[in-house]
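The structure appears below as structure tokens.
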Amino acid sequence: MVGKGVKVLVLMLLLLSTLSGIAEAKQLKIGFAHVALNCPYYLAMKATAEEKAKEYGVELLLLNAENEIEKQIKDIETLLLQGVDALIVNPVTEYGLRPVMQKVKEKGIPVVVIDRPMYGDYLVYVGIDQWQAGRLQGEFIGQLLGGKGNIIEIAGDPGCPAGKGRGGGLREVLSEKYPDIKILATYMAHYNKAEGMKAMEDAIAAYGDKINLVYAHNDAMALGALDALRAAGMTNIPVCGVDGQKEAYLEIMKGEQYKSTVINNPSEITAKAFDILMEYLQTGKLPEGVTKGGKVITGTILVTKENVERYYDPNSIF
């Protein structure tokens, strides 16, 4: 009888060990359909997502759409085939993912959208108020130019929902309050510093001393434009950007040519998105105060030489 009891105990222990192994093997998979990895802002999002995945003990599957909506559709289909439990999406365009997001919905996979607004069924959007960012810069630029002058605008990607806000908010303020400020031309530079520099070189060749200010939709492009202006000896032309990149903060602290940016913290956005998604996966509920289909707006704050030291962090990823 004793021998039989020992055998039963051993079998039970083996069963428990097997079940424990199965439980441990079931690791959650989080898919991240990222728009691009061509600038420090997007790289900071990637780094933060990797940190959060380690913190929660989940597997992160990140795919780079390279700014192409067709590739992002395929990326999301690939993530579905890989059996992800949830998705973070930074969309290339606002409406381009509608068909594939319907597939995601049918599979019951929760989605958090970050950085760029997206049409569709998702838990929540996490990011800044892009339109407000444009309005903040519009008001600052209007006052800086004294209500009169010519702007070169350097935008990111065609159809980019973030760019629509950053450009649209600016235009709204100029139309309402500063009609004598004109946008000479808009150049596309895909949120990339080198392309921002090239766009500025083209603008200088086309418009020269007609340019009174440069407004770029992100700091990387603005920093590239700054390099081009300095190379051309145009050190009197002010530059404004968006995102709060620490290199832009350093330029603003000099009190010279780089005048302003708007905080758009990629690490904060990505971390909040991850936390919301994990709480939903673990509890079936969104955090208190967060509504399904709603927005979690992170700080949309204008930064100038008056307040830049409050936000500059030399140790930040971005």
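Assorted remarks:
- Computed FRET value (nearest 0.05) for ALA205 with LYS295, which takes r as the C-beta separation and R₀ as 41 Å: 0.50
- Between the range 82-151 and the range 156-173, the alpha-carbon center distance in angstrom: 11 Å
- Overall, the ratio between the Cα radius of gyration of the range 44-102 and 2.2 N^0.38 Å, rounded to two decimals, is 1.16.
- Two-site FRET efficiency, LYS71 against ASN315, from Cβ-Cβ distance with R₀ of 35 Å, rounded to 0.05: 0.55
- Of the beta bridges in the chain, as assigned by DSSP with both residues counted there, near 5 percent are antiparallel.
- Rg and Dmax of the chain, based on Cα coordinates, read 23.8, 100 Å.
- Counting only Cα atoms, the size of the range 74-193 along its three principal axes is 56, 24, 21 Å, in decreasing order.
- Per-residue ellipticity at 222 nm computed for the chain from its helices equals -15500 deg cm²/dmol, with DSSP H segments shorter than 4 residues left out and the rest contributing -39,500 (n - 2.57).
- A straight line joining the Cα centroids of the range 206-244 and the range 260-276 runs 25 Å.
- Taken as entire DSSP H runs, the helices of the chain that both span 15 Å or more between Cα atoms along their own long axis and average 1.0 or more on the Kyte-Doolittle scale are 2-25.
- Radius of gyration, Dmax [the range 242-302; alpha carbons; angstrom]: 16.1, 51
- In a simple Cβ point-charge model (Lys, Arg +1; Asp, Glu -1; nothing else charged), the range 208-247 has a dipole of about 100 debye relative to its Cα centre.
- The slack in the chain from GLU51 to LYS103, taken as 0.36 nm per residue of separation less the alpha-carbon distance, amounts to 15.9 nm.
- The ranking of GLU153, GLU139 from fewest to most other beta carbons within 10 Å of each one's beta carbon is GLU139, GLU153.
- Zero-based 5 Å bins, Cα pair distances in the range 130-262, whole percents: 2, 12, 24, 26, 22, 11, 2
- Exposure proxy for ARG166, ARG116: other Cβ atoms within 10 Å of each Cβ, ordered fewest to most, give ARG116, ARG166.
- Neighbour counts of C-beta atoms inside 10 Å place ARG135, ARG230 in the sequence ARG230, ARG135, starting with the fewest.
FYI, it's all coordinate maths here, none of it is from the lab. Treat the numbers as computed from the prediction; the structure is a model and nothing was measured. Here the Cβ is made from the backbone with ideal geometry for all residues, glycine too, and neighbour counts use every protein chain on show.
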